[in-house]
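Here is the structure we will look at, set down as structure tokens.
The values are calculated or read from the model by the stated rules, or taken from the named source; none is laboratory data. Just so you know, these numbers come straight off a predicted model, no measurement behind them. Quick reminder, even Gly has a Cβ in these numbers, built from the backbone with ideal geometry, and neighbours come from all protein chains shown. These area figures cover heavy atoms from the full protein model, side chains too; ligands, DNA and RNA do not enter into them. Shrake-Rupley method; radii C 1.70, N 1.55, O 1.52, S 1.80 Å.
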Amino acid sequence: MWDKRAFEGQVAVVTGGAQGIGRAVAELLASLGARTVIWDVDIELAERTARELGQASRAIEVDISHWQEVRKAVEATLNMAERVDILVNAAGIAGGNAAVEEYDVDEFRRIVEVNLLGTFHANRAVVPCMRQRNYGRIVNIASIAGKEGNPNASAYSASKSGVIGFTKSLGKELAGYDIAVNCVTPAAARTRIFDQMSEEHIGYMLSKIPRQRFLALGEIASMIVWLVSPDNSFATGAVFDISGGRATY
């Protein structure tokens, strides 16, 4: 599918790239020649992942819910690599499961701060250098929950719905440049984010997928890598579904 050096010379920032979907994307990009910079709150795991990806990969400790940390992370990235061609925003948390009237107020705020404000922070940080060079590819990872809403997961659903709206807005803002801003709405993939969910909620998510299985990491990585490739010179401000048939709109 891909030329082995399809991304040679490009610099890709992957938030949440130490594990899960982010790691799968970082691995594929690194294998195709990109210099990958992993932004992650778990610096030990991020550094181990970067070492495993090869000498061209680096790790930076950052909590994307805090703007000043993100600002410092992009400065460090530019000092190392002088450019950012690609942003894949995969950092996110699910939080616990509870009915709205029982949902912890601080927990709700924390989920929104990481998933939605964190997306805003990461995008805000990289857009100026992309605009200056008239090139960039951004993919924000939303969720099928942001389209449909999952019961007992109001904070997660609301935050991911916000990511969808944010992506559409930014895509239109940058449509006059060679900068593509899109998001993906995956069904659940079996990653460590499941550790935050009840078994009942995990079973509910699986029951809603017509394919009758969870998403494989390689499947979503392939979709994202096309979206951040030079080949994607037209699609922007769009929502790409990869839900195993759960959502068809």
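Tabulated data
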{"read-out": "From the options Arg133, Arg124, residue that is under 19 Å from the mean Cα position of the chain (by Cα) and basic (Lys, Arg)", "value": "Arg124"}
{"read-out": "Filter result for the condition that a residue is at positive phi, in contact with a Ser or Thr (Cβ under 8 Å, 6 or more places away or on another chain) and not aliphatic (A, V, I, L, M), over Gly118, Gly149, Gly171", "value": "Gly149"}
{"read-out": "Verdict on Gly22 being surrounded by 24 or more Cβ atoms within 10 Å (Cβ to Cβ) and either in contact (Cβ under 8 Å) with a residue 24 or more places away in the chain or small (Gly, Ala, Ser) (or both)", "value": "yes"}
{"read-out": "Yes/no for Ser159 being open to solvent by less than 10 Å² (accessible area, probe 1.4 Å) and under 14 Å from the mean Cα position of the chain (by Cα)", "value": "yes"}
{"read-out": "Flag for Glu69 being over 23 Å from Asn134 (Cβ atoms), more than 20 Å from the chain's Cα centre (by Cα) and open to solvent by 40 Å² or more (accessible area, probe 1.4 Å)", "value": "no"}
{"read-out": "Complete set of residues in the range 229-249 that are surrounded by fewer than 17 Cβ atoms within 10 Å (Cβ to Cβ) and among the hydroxyl-bearing types (Ser, Thr, Tyr)", "value": "Ser233, Thr248, Tyr249"}
{"read-out": "Qualifying position, being surrounded by 17 or more Cβ atoms within 10 Å (Cβ to Cβ), under 17 Å from the mean Cα position of the chain (by Cα), at negative phi and not small (Gly, Ala, Ser), among Thr77, Thr36", "value": "Thr36"}
